[in-house]
Amino acid sequence: MNKKIKVKHSGIIKLQFYDDFPDGALVIGEAGKSVPFEIKRIYYITNLSNRKAVRGKHAHKKLDQYIFCLSGSFRLQLDDGETKQNFIIDSPYYGIRLGPKLWHTMTKFSRDCVILVLADDYYDKSDYIRDYKQFMEYVKEDK
Ligand code: TYD
């Protein structure tokens, strides 16, 4: 990741990389340390063989998350209501923050793409904003 993140409520963390060559490599994240919150939930996304798959297309009111690409690559579009940015995510060491009030969309998954997300809270349907107009209203109210 060599692109500067300009959208609000995002950011980047780099996990500790431990090169165990020729026996692989370890990547380590610790809650409250490299991952700056207590992790309450993890989820991962696999089986991304459909080239046209689209995920995300929502924002959260309060939830804070970091998204990682453990294998392969995908495109992440972030939109804070004012600024939009696209990133190709293809490194297992970097986590991109999906903070609250950030519309995020994931596309262009490679066949071998595996995504890991660390979240600071449990699943809560009412925390989602799935309508883009509502999102724009929500971020406008928030200013
Ligand atoms: P969603 O968050 O929209 O996935 P993505 O952001 O990857 O596109 O979730 C898809 C569905 O899965 C939705 O119906 C809610 C459900 N879901 C849970 O039940 N628990 C969870 O922790 C998550 C992330 C999703």
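For region 80-89, enumerate the residues that are assigned to a loop (DSSP other than H, G, I, E, B) and either modelled with pLDDT under 95 or surrounded by 17 or more Cβ atoms within 10 Å (Cβ to Cβ) (or both).
80, 81
Going through region 90-124 one residue at a time, which ones are in contact with a helix residue (DSSP H, G or I) (Cβ under 6 Å, 6 or more places away or on another chain) and either part of a strand (DSSP E or B) or within 14 Å of the ligand (Cβ to nearest atom) (or both)?
Result: 103, single match.
Any residue at all in region 134-142 that is part of a strand (DSSP E or B), within 16 Å of the ligand (Cβ to nearest atom) and in contact (Cβ under 8 Å) with a residue 12 or more places away in the chain?
No: zero hits.
Return the residue satisfying two criteria in turn: it lies in region 1-27 and is in contact with a Ser or Thr (Cβ under 7 Å, 6 or more places away or on another chain) and either in a strand (DSSP E or B) or open to solvent by less than 90 Å² (accessible area, probe 1.4 Å) (or both), and of such residues it is farthest from residue 102 (Cα to Cα).
Pass one, region 1-27, residues in contact with a Ser or Thr (Cβ under 7 Å, 6 or more places away or on another chain): 1, 6-7, 13, 15-16.
Pick out the ones that are also either in a strand (DSSP E or B) or open to solvent by less than 90 Å² (accessible area, probe 1.4 Å) (or both) and you get 1, 7, 13, 15-16.
Details: 1: 19, 7: 8, 13: 17, 15: 22, 16: 26 Å.
Among those that are in contact with a Ser or Thr (Cβ under 7 Å, 6 or more places away or on another chain) and either in a strand (DSSP E or B) or open to solvent by less than 90 Å² (accessible area, probe 1.4 Å) (or both), it is 16.
Out of the residues in region 51-79 that are away from the ligand (no atom under 13 Å from the Cβ) and in a loop (DSSP other than H, G, I, E, B), state the one that is nearest to the chain's Cα centre (by Cα).
64
Return yes when residue 44 is away from the ligand (no atom under 15 Å from the Cβ), within 12 Å of the chain's Cα centre (by Cα) and open to solvent by 50 Å² or more (accessible area, probe 1.4 Å) and no when it is not.
The answer is no for residue 44.
The values are calculated or read from the model by the stated rules, or taken from the named source; none is laboratory data. Remember, it's a predicted structure, so these values are computed and weren't measured experimentally. Cβ coordinates were reconstructed from backbone atoms using ideal geometry, including for glycine residues, and neighbour counts include every protein chain displayed. Just so you know, the surface numbers come from the protein's heavy atoms only, side chains and all, with ligands and any DNA or RNA stripped out. Shrake-Rupley method; radii C 1.70, N 1.55, O 1.52, S 1.80 Å.
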